[in-house]
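Visitor: There's a structure below that I have some questions on.
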Amino acid sequence: MNITLQKSQIANRQSKVTITGSKSESNRLLLLQALYPTIHLKNVSNSDDSCLMTNALKSTSEVVDIHHAGTAMRFLTAYFSIQEGREVTLTGSKRMKERPIQILVEALKELGAEIIYVENEGYPPIKIIGKKLTKNKVSLQANVSSQYISALLLIASKLENGIELTLEGEITSVPYIKMTLSLLDEIGVESSFVGNTITVKPNTQHPIPKTLTVESDWSSASYYFSIAALCEVGTEITLSSYKENSLQGDSVLVDIYKSFGVKTTFENNSITLVKSEMVATESIIEFDLANAPDIAQTIAVTSFALGLACNLTGLHTLKIKETDRLVALKTEIEKLGGQVQITDKSLHLSVSNGIKELVPISTYNDHRMAMAFAPLALKTPIVIEDSEVVSKSYPTFWDDLESIGFKITK
Ligand SMILES: O=C(O)C1=C[C@@H](OP(=O)(O)O)[C@@H](O)[C@H](O)C1
Ligand SMILES: C=C(OP(=O)(O)O)C(=O)O
């Protein structure tokens, strides 16, 4: 469904939004809960990706379809590899069948897994014949997706001798790997990450019954940082539930959005974003986002909306996400009158003056395209195509925007 978004009454209002749990934390913890049923979870994400993960872990069918959910695809490949006596074909959307999985499959095979490509070599769907994995040493390329590494770490404590992973090349999306290790630590699984080697100790005991509360999703919060940046000085938006020592790398938003004049304060499990100063028009926004790839679209669009030049680097993983996000950003920003240059790992946005009105923004089955462009409505009316894509990570996004004053027409 296409929707039209219009300038809201947000300026000088104090808005409050409660955001669902982190999809990254949820999908890790759901898998760990399946391995260790004494774990209880609170504030689990209501995203499609987490619902798909929950259902896949409960499913007894021979074919499991995880649609667009990248983490579910990667984490479940590892999970089903150790389900002895079970055979599962793991499949997904048309795009999922274009998202590479070979590095993970090879690593699992090195550990003793049996996995067969059903259609194209290196890509889902895959047939997994569950086995006891007997080896514990494996090395894999670390610059394509950290999800392969997290997948191995999540099952590692259930292997006889744990795991010793050697990471080759530059390591991408490092905070997501550290998130996995921190969550393992919280349930009592020991690990170490020194240089390019990660070890996880085996654990055959069920952890002591424990309730873990998932922090709300920082990537979802990014759209409110962008909204705050585009509002008048004095606008306040409060988001819950967040903590200062987050496991989520996207909490770097707090520092990044200082460059857009947004100040963040932490109080009572909430963050309050305040637009505190205007940004000089000659400022250039420059960030390396290798550790926080999911907020690249948000930052590019905020910069465009404010007419600022922007150089983003470390974007080498964007091409294999829900869509090629580099091409999608260039295409859509240029439709609106901006100028963008891309390489396969960077994006340069030139200074722009003005945004074309009511241009339909294509979303390419990518939730973050829809959500990143939405704040532009504070500058000019815009149309978002296939607005329902947001449910991949944030199903109530449009309702929440309406609740803070955006006008949405269907
Ligand atoms: O482990 C995770 O939860 C994720 C890791 C990142 O992927 P890459 O490591 O492929 O960059 C990120 O983009 C994705 O949204 C979630
Ligand atoms: C890249 C993303 O998700 P995934 O890789 O899990 O599909 C995302 O949520 O931006």
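Visitor: For E164 and N269, what does the FRET efficiency come to when R0 = 25 Å and r is the distance between their Cβ atoms, rounded to the nearest 0.05?
Guide: Rounded to the nearest 0.05, the efficiency is 0.10.
Visitor: Enumerate the amide H contacts of T235 below 5 Å, restricted to partners 5 or more residues apart or on another chain; note that Pro and chain-start residues carry no placed amide H.
Guide: When sequence neighbours closer than 5 places are left aside, the close amide H contacts are N12, K275.
Visitor: Still on this model: Could you sort 339-345, 323-329, 85-91 so that the peptide with the highest average Cβ count within 10 Å comes first and the rest follow in order?
Guide: With the highest mean Cβ count within 10 Å placed first, the list reads 323-329, 85-91, 339-345.
Visitor: Would you please name the trypsin sites (Lys or Arg not before Pro) within region 89-124 that are DSSP coil residues with at most 16 other C-beta atoms within 10 Å of their C-beta?
Guide: Of the trypsin sites (Lys or Arg not before Pro), the ones in loops of region 89-124 whose Cβ has at most 16 other Cβ atoms within 10 Å are K94.
Visitor: Could I ask something else about it? Over the chain, with a Gaussian network built from C-alpha contacts below 10 Å, which listed residue (E164, E98, E282) shows the highest mean-square fluctuation?
Guide: Highest fluctuation among the options: E282.
Visitor: Using a cut-off of 14 Å between beta-carbons, work out the net charge of the residues near A309 (Lys and Arg +1, Asp and Glu -1, A309 not included).
Guide: -2
Visitor: While we're here: Would you mind counting up the charge near L140? Only other residues with Cβ under 9 Å from its Cβ, with Lys and Arg at +1 and Asp and Glu at -1.
Guide: Surrounding charge for L140 is -3.
Visitor: Tell me, what is the FRET efficiency for T197 and E98 to the nearest 0.05, using R0 = 25 angstrom and their Cβ-Cβ distance as r?
Guide: The value I calculate is 0.20.
Visitor: Leaving out same-chain residues fewer than 8 places away, which aspartates and glutamates sit with a Cα under 13 Å from that of K210?
Guide: D185, E186
Visitor: Could I ask something else about it? Roughly how many whole Å is it from the C-alpha centroid of region 102-122 to that of region 162-234?
Guide: Measuring centre to centre over Cα atoms gives 25 Å.
Visitor: Which entries in the list K131/K201; K97/K158; K321/K379 go over 21 Å, if you measure between the two C-alpha atoms of each? Please list the in-between numbers first.
Guide: Numbers: K131/K201 19 Å; K97/K158 28 Å; K321/K379 28 Å.
Beyond 21 Å between Cα atoms: K97/K158; K321/K379.
Visitor: I've got another one for you. Assuming a viscosity of 1.002 mPa s and a temperature of 20 °C, what translational diffusion coefficient in µm² per second does Stokes-Einstein assign to the chain, Rh being the Kirkwood radius over Cα pairs?
Guide: It diffuses with D of about 98 µm²/s by this estimate.
Visitor: Take peptides 215-224, 349-358, 305-314, 131-140 and line them up by average Cβ neighbours within 10 Å, highest first, as a rough protection proxy.
Guide: My ranking of the peptides, most packed first, is 215-224, 305-314, 131-140, 349-358.
Only the coordinates and a few stated rules stand behind these numbers; no lab work does. Quantities reported herein were computed from a predicted structural model and do not represent experimental measurements. Please note: Cβ atoms are built from the backbone with ideal geometry, for glycine as well, and neighbour counts cover all protein chains shown.
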